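Reading through the structure tokens given below for one structure.
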Amino acid sequence: MGTAFSYLHAFNFASVVVRLLLAMACGGVLGYGRAKKKQNAGIRTYMLTAVGAALSVLLACYEYEMMTGQWAPIVAEVGMKFDASRYSAQVISGIGFLAAGTILSSGHQQVSGLTTAAGLFSSVCMGIAAGAGMYDCVIIVLVILVVVLDVIYPLEGAFKRRLRNMTIYVEFTSIEYLDEITDAIRGENATVYDIDVERTKREGSKYPAAVIVLQMGRGNASHSGMLSTVAELPYVHTIHELIA
């Protein structure tokens with residue numbers, strides 16, 4: 001077993017295949033979890049970024065092998081210098097453009113795609129580790145990322161629902177009812193911190209809308225209870241909580 005691992009840690013055809021397949025498999029595992037949540041980046045995106053990152057390290061390994069072996073006389077003659085880290089550095093810089101493309105402003109003071117961008121960045125770094133032959137590190141990072149992206153996801157939602165602070169989006173019949181909506185919120189022992197009135201962006205809808213930032217009072221108040229209180233008002237047409 002030790003001999004096999006030593007062989008795979010060396011730079012040879014078998015280790016190249018294993019590193020690329022490992023990067024692809026780990027990227028696929030992460031992408032599968034994101035695809036189930038219908039996120040922007042899915043299985044193929046994560047696979048491609050991880051494999052591309054692994055390939056960048058393998059290119060650096062290949063160039064180093066050639067410059068210290070077959071190309072050594074030429075390198076010595078022209079005095080070339082080699083920095084194996086420059087490939088990985090460029091990949092990490094480049095993934096920023098791809099990750100930034102997944103971050104979108106969805107309106108109502110919300111920004112989406114931050115987790116996807118961070119996941120792509122982590123996937124690239126995982127691919128770099130796979131290309132470098134750090135097998136143990138890759139498996140550990142994969143487990144950590146799966147826990148963060150899949151296991152902690154429902155726990156984070158439950159935690160946010162327990163917070164006293166909440167932001168709601170409300171569409172209502174006329175702007176004159178805004179005071180009555182805020183009065184209903186305050187009637188639940190809540191404090192209104194900010195109100196942002198905006199036009200409804202849905203096609204065919206002419207109702208005014210508002211984003212209301214509030215803090216619920218101490219006690220048995222819940223997010224669902226607050227939403228129900230506002231939704232029962234006859235002039236409220238749409239209401240939902242905005243969760244970052």
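To put it simply, the accessible area of the chain at a 1.4 Å probe is 61 percent carbon and sulfur. When you restrict to C-alpha pairs under 8 Å that are six or more residues apart and normalise by the size of the chain, the relative contact order lands at 18 percent. Could you give the accessible area per residue of the chain, probe 1.4 Å, as a whole number in Å²? Per residue, the chain has 59 Å² of solvent-accessible surface.
With a Förster radius of 22 Å applied to the beta-carbon distance between Ile140 and Lys36, the computed FRET efficiency rounds to 0.45. Once you keep just the Cα pairs under 8 angstrom separated by 6 or more residues, what percentage relative contact order results for region 125-212? The value is 25 percent. Of the labelled options [x] 1.47; [y] 0.98; [z] 1.30, which one gives Cα Rg over 2.2 N^0.38 Å as computed for this structure? Correct label, based on the coordinates given: [x].
The values are calculated or read from the model by the stated rules, or taken from the named source; none is laboratory data. Small disclaimer: the values here were computed from a predicted structure and weren't measured. In this analysis, Cβ positions are derived from the backbone assuming ideal geometry, glycine residues included, and neighbour counts consider all displayed protein chains. We work out accessible area using only protein heavy atoms, side chains counted, and drop any ligands, DNA or RNA first. Shrake-Rupley method; radii C 1.70, N 1.55, O 1.52, S 1.80 Å.
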